[in-house]
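Single-structure report; data block below.
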Amino acid sequence: MVYRIMTIVFLVLCSKQVQSQEVDTTYINSQIESIKRAAINQKTFEQAEIILDFSQQEKYIEGIRFALVHTGDYYLKVNAHEQALLSYQKLYELGEQEDRKDIVNTAYFGLGKVYDVMGRLEKAAEYFSKSETVSEMIEDEKCLACVYNSIGVLYLRQGNYETAIPYLTKAKSLINPKDEQKITAEININIGIAYVQANQAERSLPYFESHLNLAKQSKDSLEFAPSYGNLAYAYQNVSDFEQAFTYYDSSLYYSNLFQQDETTYITYLDMSDAYNLKQDYQNALTYYKKHHTLKNKVLNEKNRQQINELEVKFETAQKERALIKKQKEVNDLVMARQKMWLLIGGLCASLIIMLLIFLKVKGDNQRKQKLMRVQEELVAIQLKNKELEADQLQKELENKSTDLTNLALDIARKNEFAQQLAKQLEDIQTAKGTNKKDQLNAITKFVKNHLKISEDLALLQSNVDEINASFYEKLEAKFGKLSPNDKYMLGLIRLNLSLKDIASIKNISPTSVKVNRYRLRKKLNLPTDVNFAKYLQDF
């Protein structure tokens, strides 16, 4: 509601810039530049929608173009793929209507990105190919470089490195590193990864080094740890372990400094692999445990369970590979000695075979015992971590429940404020002989301290959904599928909020809340003499 009020004020201000049927775009362009400098989020998305409304009203093509691209990118970021496709399709229609090849090209590239994220690679390749054709036609080298990079990444995902590398190389040749450092850095990373995956790690080194240098030049400290990690992995693949561990240490320094836990635990895993290749199994196990511990801390419980299974499989596979390798070495030794002693004599050969069998059985038993001890230690660590995490989650849920009730009541008060504000605006519209400009200024000052209602509502609903996730699952298991609105209403009732507070939060009348409560009681087969909130809290 607040953003709708802002839209009205925004349009009033912009309408004052209209002279002789021409629109002064200075203010709207300044808003566009401001959004470009910010990260894509809910706030910039709503600002882009305001720009879209005004630009469509005034037929300002560049404003419409920017707004559709930004909303498409936002929908893509939040995995709302259908809405993202719709935004880029509208952009394509705009380009066709205005006969603007550059706009059509942007739409083609955006549609390719969406289909790529959706996993529809053939469809993505089709739109990237169309963008490539138009980019060449209008000589847009920057867009062409982005297209080549995206096509290269498609082939990279498919494991077709020989085709991916030429596309990525062409993309790099079209970009000026001084002007387009961000795109250049991305292309360098992709080329480096392609060469490493193609078992040509030596050729990846210059690209990873270039990526690190660009990060240093732009002072992008968050890229230091991944850059050093990529270099270390490349040196590991060319068996230069001394240089690899030097870069791994740098990667860990920066990832710990800037709290990049995901990069840290990936580096731990790579270091474990490196020590494993050096046959330093003690350090390999140490860093694998560090990786395992930190990864459990970072990931949520659901992902952690899946990763635990993968890690067990990974560890088992590694142990099996090591066991197979050792067994092969023993078997080769047995064969060699058998051949040697067969030349000396049958009796000596028989004795040697018996001795080797004895040593093999003994070695196998020792390895099995060691493996069982390691597995028991890891299981004990996992159980202890899960107990600690369960306690911590329970405390967090209890704290969130209290915070959620306070937030709900705060939103109710803010919605009452918004209704009062709407009433004042209606009074201004109907007032006669009053200085409306002074009244608007007063309302503008009044509004500035209450601009977070929409964000708080989104936060409230997100927290209600989070804290009641298991509660919803139990309800649906017993009473069948529930709509998102039903879940949200049940979550608010479970907080023991009053009819008035719930009505204010959802911006509906108390009567509507009563109707919803009655409908939900009936759906849950709950008698009228049972306290609804208490029933839900005890469910």
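Numbers for the structure displayed
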read-out: Sequence ranges 362-372, 157-167, 111-121, 26-36, ranked by mean other-Cβ count within 10 angstrom, highest first; value: 111-121, 157-167, 26-36, 362-372
read-out: Residue-count net charge about Tyr248 - beta-carbon cut-off 15 Å; Lys, Arg +1, Asp, Glu -1; value: -4
read-out: Net +/- balance of residues flanking Ser239 in space, Cβ distance below 11 Å, scoring K and R +1, D and E -1; value: -2
read-out: Approximate spin-label separation Lys36-Arg373, in nm, with each point projected 7 Å along Cα-to-Cβ; value: 6.4 nm
read-out: The stretch 149-164-the stretch 193-228 distance, computed between alpha-carbon centres (Å); value: 18 Å
read-out: Long pairs among Lys178/Lys297; Lys90/Lys219; Lys113/Lys386; Lys170/Lys216, criterion Cα-Cα beyond 29 Å; value: Lys178/Lys297; Lys90/Lys219; Lys113/Lys386
read-out: Where the stretch 118-272 is the region considered: accessible area per residue in Å², 1.4 Å probe; value: 50 Å²
read-out: Burial order of peptide ranges 278-286, 249-257 (average beta-carbon count within 10 Å, highest first); value: 249-257, 278-286
read-out: Full-extension gain in nm, Glu136 to Val238, via 0.36 nm per residue minus C-alpha separation; value: 32.9 nm
read-out: Contour excess over end-to-end distance, with Cα ends at Glu49 and Asn199 and 0.36 nm allotted per residue; value: 49.3 nm
read-out: Accessible area in square angstrom per residue, the stretch 456-539, 1.4 angstrom probe; value: 54 Å²
read-out: Rounded Å value of the spacing that divides the Cα centres of the stretch 497-518 and the stretch 59-94; value: 35 Å
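The values are calculated or read from the model by the stated rules, or taken from the named source; none is laboratory data. Given the structure is predicted, the values throughout are model-derived calculations rather than measurements. Please note: Cβ atoms are built from the backbone with ideal geometry, for glycine as well, and neighbour counts cover all protein chains shown. Quick note on the areas: whole protein, heavy atoms, side chains included, nothing else; ligands and nucleic acids left out. Shrake-Rupley method; radii C 1.70, N 1.55, O 1.52, S 1.80 Å.
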